[in-house]
1. State which residue is surrounded by the most Cβ atoms within 10 Å (Cβ to Cβ) when the search covers only region 46-67 and only residues that are within 17 Å of residue 15 (Cα to Cα) and touching a residue at least 40 places away in the same chain (Cβ under 8 Å).
2. Please go through region 13-33 and pick out each residue that is over 16 Å from residue 74 (Cβ atoms) and either in contact (Cβ under 8 Å) with a residue 60 or more places away in the chain or crowded, with 16+ Cβ neighbours inside 10 Å (or both).
3. Taking residue 70 and the conditions (1) in a loop (DSSP other than H, G, I, E, B); (2) touching a residue at least 40 places away in the same chain (Cβ under 8 Å); (3) in contact with a strand residue (DSSP E or B) (Cβ under 9 Å, 6 or more places away or on another chain), which numbered condition does it fall short on, given that it satisfies the others?
4. Anything in region 1-12 that is closer than 15 Å to residue 75 by Cα and either in contact (Cβ under 8 Å) with a residue 24 or more places away in the chain or surrounded by 14 or more Cβ atoms within 10 Å (Cβ to Cβ) (or both)? List them, or say none.
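Bear in mind these aren't lab numbers, they're just calculated from the coordinates by the rules spelled out. Treat the numbers as computed from the prediction; the structure is a model and nothing was measured. In this analysis, Cβ positions are derived from the backbone assuming ideal geometry, glycine residues included, and neighbour counts consider all displayed protein chains.
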């Protein structure tokens with residue numbers, strides 16, 4: 001489970017549809033446009049990315065980086 005503060009960052013990037021680069025704890029790097037939050041078929045909370053469409057389980061995220069200049073945030077690290 002992620003903290004409320006971390007969830008706020010997820011909601012922020014989805015609200016502004018920022019392009020993001022996500023690095024997971026397993027080392028995968030996933031890029032896309034943040035679109036929304038959702039639940040997987042098994043009930044896990046995810047961030048929905050577009051271009052390409054993909055769902056990333058929130059508890060697998062190690063870092064979230066916004067790849068365009070913006071006044072809100074550049075990178076957030078999530079504790080395991």
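1. Of everything passing the filter in region 46-67, 64 is surrounded by the most Cβ atoms within 10 Å (Cβ to Cβ).
2. Residues satisfying the conditions are 14, 24, 30, 32, 33.
3. So the condition that residue 70 fails would be (3).
4. Result: 6, 7, 9, 10, 11, 12.
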